[in-house]
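Each remark here refers to the structure printed beneath this line.
Each reported figure results from applying straightforward, stated rules to the coordinates on display, with no laboratory input. Model, not experiment: these values are computed from the prediction. Cβ: placed from backbone, ideal geometry, glycine included. Neighbour counts: every protein chain shown.
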């Protein structure tokens, strides 16, 4: 069952082609759709394993229990319908820092839009909401990483004002 607007408060709505796009906090029942979205590209297909949902459920519980971390899903509700399907997701985290005079920053990750809906402005709506929420919470900087091979994603973020100002590094543990 997909949570309805009554069950989970809607954070943002916008009219888009095909219906109403709305953002809300993710629910445990959204995890299969979120994992499907994360796995829907060459990189994600190799690292997301939706057959075993237990690791995702543990991660969801940790995120859901901590107000500094949000799992957000986007639904597309067709015109005339009361509920819709999860077609987008992202995670937004709020981090205190000592640098920049004790500035808070937000980290945006796992931004995904269903392949059939890309190019319609849904990603821009989601990032816009995330920027606004970050400002509302007193953040002075938003950061994200995207793999160097994801050139289309890099162009997308640059069009929204992000700058490739640092070199990101990771160590797989």
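A few points about this structure:
- Using C-alpha pairs below 8 Å separated by at least 6 residues, the relative contact order for the chain is 18 percent.
- Listed peptides 143-149, 108-114, 161-167 by packing density, highest first (mean Cβ within 10 Å): 108-114, 143-149, 161-167
- Computed from Cα atoms, the angle from the helix 122-136 axis to the main principal axis of the chain rounds to 60 degrees.
- Global geometry of region 1-102, whether rounded, prolate or oblate, following the gyration tensor of its Cα atoms and the 1.5 cut on a/c: oblate
- Among 97, 138, 119, the largest mean-square fluctuation in a Gaussian network model of the chain (Cα springs under 10 Å) belongs to 97.
- Antiparallel bridges, percent of DSSP beta bridges restricted to region 10-140 (to nearest 5): 95
- For the chain: rounded, prolate or oblate by the Cα gyration tensor [a/c cutoff 1.5]: rounded
- Region 23-62 shape via C-alpha gyration tensor axes, a/c threshold 1.5: oblate
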